[in-house]
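What follows is a short report on a single structure.
The values are calculated or read from the model by the stated rules, or taken from the named source; none is laboratory data. Keep in mind that what you see is a predicted model, and the values were worked out from it rather than measured. Here the Cβ positions follow ideal geometry from the backbone for every residue, glycine too, while neighbour counts run over all protein chains shown.
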Amino acid sequence: MNLLNADVKLDVANMTLEHLFVVCSFLLVVIAIVFINGFSIKSGDKEINIGGIHRLLAKKDEDILLKENLHEFSEKVDREVNGNLYDLVDSLNYEIDSIANKEHCYFTYEKFISIFKNELEKRVRRNNLKEKLAKINRENYTATIIGNVESQYNKLRIKVSNLNCGETYAEFTVIKDAAQKILNKFFDGTKIILIEGCRKKIKKYNEYKEKFKTVTARKSSCDYPTEKNEGYIRDLEIL
């Protein structure tokens, strides 16, 4: 019982150099072990790491690999979305062709089709459609395209009227309603494609989020992108 009650004291002043060396060596070994192996204290989303350089490096390497995988997946989805948007434009070919066929001779109506398709493909190629469509309604968005098509159409009418082939182009008002319907289909179809792409990304982020070893990497690679894509979906769905 007396041993249990004994005070443990370190009398540094009376220690020999050999003993001091042993104690210092022991402390250095402990510090080195903590530095190399370390430990962490986690509370909710907060994590405090003390030492553990090997473990931290291992976690960082794993998270980097996960981030690269997610980045590759995100780029793949973006390429799929872009391809689907071009397919959407191609799917509208027949309807554009129908407008031109009714109003123009065969050898010039392809020029009209080209004008219309170029305006749509320009949106796919140049615009960040998620950002663009999330900030503007269908009426305003298609009105800009209609204006550009009408402008190019009227220039074509002037050029054709100066030729000796006898070809004539009807006033744009004759085909405007039909053109508007095609643009509405483009707008609505684009929304569906973009929302589908956002949902694919969110699904993958949710699959990966528990795999990340560090909170910072998880937030930057999963939490923030998820919030961003959920915002796109909300904005697109209310249009």
> Just to be sure, is Ser221 surrounded by 14 or more Cβ atoms within 10 Å (Cβ to Cβ) and either out of contact with any Pro (no Cβ under 6 Å at 6 or more places or on another chain) or over 30 Å from Glu72 (Cα atoms) (or both)?
Replying inline: yes
>> Can you confirm whether Leu156 is assigned to a helix (DSSP H, G or I), of a type in the set (A, V, I, L, M, F, W, C), under 30 Å from Tyr224 (Cα atoms) and modelled with pLDDT of 80 or more?
In response: no
>> Given the options Ile195, Ile175, name the one that is within 30 Å of Ala143 (Cβ to Cβ), touching a residue at least 60 places away in the same chain (Cβ under 8 Å) and part of a helix (DSSP H, G or I).
In response: Ile175
>> I'm checking my understanding of the structure. Among residues of region 213-222 that are part of a helix (DSSP H, G or I) and of a type outside the set (Lys, Arg), which one is nearest to His71 (Cα to Cα)?
In response: Ser221
> Is region 203-212 home to any residue that is in a helix (DSSP H, G or I), hydrophobic (A, V, I, L, M, F, W, C) and in contact with a Lys or Arg (Cβ under 9 Å, 6 or more places away or on another chain)?
Replying inline: no
>> So in region 58-71, with the set limited to residues that are exposed (fewer than 12 other Cβ atoms within 10 Å of the Cβ) and among the acidic types (Asp, Glu), which one is modelled with the lowest pLDDT?
In response: Asp61
> Restricting attention to region 101-132, and to residues there that are modelled with pLDDT of 75 or more and over 19 Å from Asn148 (Cβ atoms), which single residue is surrounded by the most Cβ atoms within 10 Å (Cβ to Cβ)?
Replying inline: Lys130
>> So if I check each of Ser74, Ser91, Ser98, which one is on the phi < 0 side of the Ramachandran plot, over 22 Å from the mean Cα position of the chain (by Cα) and at pLDDT 85 or above?
In response: Ser91
> Could we say that Val215 is crowded, with 16+ Cβ neighbours inside 10 Å and at pLDDT below 90 here?
Replying inline: no
